[in-house]
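Shown next, in structure tokens, is the structure this report addresses.
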Amino acid sequence: MVIGKDTRLSGYMIENAVGCWFYCCWYGRSFIRGLSQHLLLQLLTRSMRADIGVMISASHNAYQDNGIKLFGPDGFKLSDKIEVNIERLLDERTYFATCTSK
């Protein structure tokens, strides 16, 4: 997983939470890039052969808002269908219980 963020203060907390969550649930390694542009994160995701890229940003929203955009191994944004499935998994409490029991 490659993780990048914009300059919003909440991004620092979110990037560590996402990295820890990925490690705990899948024993995967995370590369935290820090401040990044979307395009750089997309290129890094592809060139590092990462399973997923995570951009923490809400570029067109107010400064106190933040969001997460996911990129596939090819560096392109995941389809809406895949994102809906991920959101559904994250909403299921049993998923987190499975994660924390490893």
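Taken together, the values in this text are just the output of simple stated rules run on the coordinates, not laboratory data. The shown structure was predicted, so the numbers you read here are calculated from the model rather than taken from an experiment. Glycine gets a Cβ as well: all are built from the backbone with ideal geometry, and neighbour counts include every protein chain shown.
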| field | region 2-100 - percent relative contact order, Cα under 8 Å, separation 6 or more | value | 28 percent
| task | Could you go through region 59-70 in sequence order and give the Karplus-derived ³J(HN,Hα) for each residue, using 6.51 cos²θ - 1.76 cosθ + 1.60 with θ = phi - 60°, rounded to whole Hz, and x for Gly and Pro? | result | 3, 9, 9, 4, 4, 7, 8, 8, x, 10, 10, 10
| Relative to the Cα centre, what is the charge dipole magnitude of region 2-100, using +1 at the beta carbon of each Lys and Arg, -1 at the beta carbon of each Asp and Glu, and rounding to the nearest 20 debye? | 260 debye
| Potential lengthening between residue 62 and residue 39 on full extension [0.36 nm per residue; Cα-Cα distance subtracted] | 6.1 nm
| What percent antiparallel are the DSSP beta bridges of region 2-100, to the nearest 5? | 40 percent
| said: Just to compare against my own numbers: the Cα pair-distance distribution for region 2-100, 10 Å bins, whole % per bin, please. | reply: 16, 46, 35, 4
| request: Figure the gain on full extension for residue 29 and residue 7 (residue separation times 0.36 nm, minus the Cα-Cα span) and round it to one decimal in nm. | output: 5.6 nm
